[in-house]
Amino acid sequence: MTDEAQQERVERIPTGTAAVEPASDDYHAGASLAGPDSPAEMPAVDRHPPTGAMSAERLAMKALEARLLGGERKLRRREVAAGAGLSLLSARKLWRALGFPNFGDEDVAFTERDQAALSTVVDLVRAGKLTEEAAISVTRSIGQMTDRMVVWQIEALVEDMVHEQGVTDAVARKRLVNELPALVDALEEVLVYSWRRQLNAGVQRLAVRAEAGLQASEEGREGDEDDAPLPLARAVGFADLVSYTSLSRRMNEKTLARLVQRFENKCAEIISVGGGRLVKTVGDEVLYIAETPAAGAEISLALAEAFTEDEILPEARVAMVWGRILSRLGDIYGPTVNLAARLTTLADPGTVLVDSMTASALEHDERFVLIPQEPENVRGFGEINPVRLTRGRGKGLVLD
């Protein structure tokens, strides 16, 4: 029997009880975030740093690492877990949620800040403020979002150095080690500021105004729709660049990077000004949501118009559906999302399609003109009645 199979046979240790791990890797598979290891099992730490001269590049990297990690790596994984009062398996659950790689028992890979961070999460569980499942889910959200954010920031800085300093990509990546220390504090400050603002906006959007959105979604519905049980009413939209695949094959790396960046920047700006939220971008496609049908319609028209007028980017097919969704793991799910995706493939370049239910929600708004299209058979939905959305009265979204 493997270690993992043996782990699955052990019962979960209730929150608040102690658990003593054996010295082997036969960890308690069900160990809770509140169960401590036995300090007596901890191996001694080799605190003698390696000797030998280091290059200036290596010294700079080591200094940056110490600053980012809060000190020199001096602790092994079992020591950090024990210091936080956790079984090693429970600590590994949180590290995996954060996206950290596996470390061996003898790897000196952690600092005291790692232990403090682990203790912070565990204390929330012990105090009853979070369940273990919620703690892991919240931790995973932090790990996934910061991982993507860091990659984005590094690539943006490298690209800027290549352009401004006239160096190669490889040289820019090496120089970044020396450039980052002057940026760390400012980036951290803006990150915390943005998180607080986004948390406030999210509370308003996902909690305070949720009931109003559901009430607004009742019009024209009979209550037996596929999305009826889902908890949030949203306008869900997709914008898909036309001929992106063939274009990308003819572009070099630098040109393609600029096209993708231009596409994402323009989408983010329009969606933000329109009061929506950019859920994600996948290559040549962007998924977004808004709180009302009108807001979704304004964003959709602005996107279609912006790409039609852009001198570099190709036109886009756009579709939007007003319905109910499930929001989980930073993404959205449900029939409304699937229908919006299907409608996008039916839209002509530079146009916006909505379904008949969404058209009904917009028909009395003079800012929009709705033009019924021929019925279409759509996989998973049967026959639907697409409606083309065009500009009516008003200027639409005004971008600075």
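The values are calculated or read from the model by the stated rules, or taken from the named source; none is laboratory data. Predicted, not measured: the structure shown is a model, and the values here were computed from it. Note that we place each Cβ from the backbone using ideal geometry, even for glycine, and neighbour counts take in every protein chain shown. SASA here: full protein model, heavy atoms, side chains in, ligands and nucleic acids out. Shrake-Rupley method; radii C 1.70, N 1.55, O 1.52, S 1.80 Å.
Please go through region 118-127 and pick out each residue that is free of Cβ contacts under 8 Å to residues at least 60 places away in the same chain, of a type outside the set (Ser, Thr, Tyr) and either surrounded by fewer than 19 Cβ atoms within 10 Å (Cβ to Cβ) or touching a Cys at 6+ places or on another chain (Cβ under 7 Å) (or both). Walk me through it before giving the result.
Here is the first cut: in region 118-127, the residues free of Cβ contacts under 8 Å to residues at least 60 places away in the same chain are 118-120, 123-124, 127.
Restricting the remaining residues to those that are of a type outside the set (Ser, Thr, Tyr) gives 118, 123-124, 127.
Residues satisfying the conditions are Asp123, Leu124, Ala127.
Check Leu98, Leu130, Leu94 and return the single one that is of a type outside the set (Phe, Trp, Tyr), surrounded by 15 or more Cβ atoms within 10 Å (Cβ to Cβ) and touching a residue at least 60 places away in the same chain (Cβ under 8 Å). Full working, then the answer.
Working: Leu98 fails: touching a residue at least 60 places away in the same chain (Cβ under 8 Å); Leu130 fails: touching a residue at least 60 places away in the same chain (Cβ under 8 Å).
Being of a type outside the set (Phe, Trp, Tyr), surrounded by 15 or more Cβ atoms within 10 Å (Cβ to Cβ) and touching a residue at least 60 places away in the same chain (Cβ under 8 Å) holds for just one of Leu98, Leu130, Leu94, which is Leu94.
Taken together, the criteria place Val192 among residues that are under 21 Å from Leu69 (Cβ atoms), under 27 Å from the mean Cα position of the chain (by Cα) and in a helix (DSSP H, G or I).
Inspect all residues belonging to region 379-400 and state whether any of them is among the polar types (S, T, N, Q), out of contact with any Ser or Thr (no Cβ under 9 Å at 6 or more places or on another chain) and not in a loop (DSSP other than H, G, I, E, B). Checking region 379-400: not a single residue is among the polar types (S, T, N, Q), out of contact with any Ser or Thr (no Cβ under 9 Å at 6 or more places or on another chain) and not in a loop (DSSP other than H, G, I, E, B). In the set (1) polar (S, T, N, Q); (2) over 20 Å from Gln144 (Cα atoms); (3) crowded, with 22+ Cβ neighbours inside 10 Å, the condition left unmet by Thr111 is number (3).
The condition of being within 30 Å of Ile142 (Cα to Cα) and in contact (Cβ under 8 Å) with a residue 24 or more places away in the chain holds for only one of Leu343, Leu362, Leu326, Leu278, that being Leu326.
Of the listed requirements (1) assigned to a helix (DSSP H, G or I); (2) open to solvent by less than 50 Å² (accessible area, probe 1.4 Å); (3) free of Cβ contacts under 8 Å to residues at least 40 places away in the same chain, Thr139 misses just one: (3). One residue stands out among those in region 284-317 that are over 21 Å from Ser360 (Cβ atoms) and in a loop (DSSP other than H, G, I, E, B): the one that is modelled with the highest pLDDT, which is Glu315.
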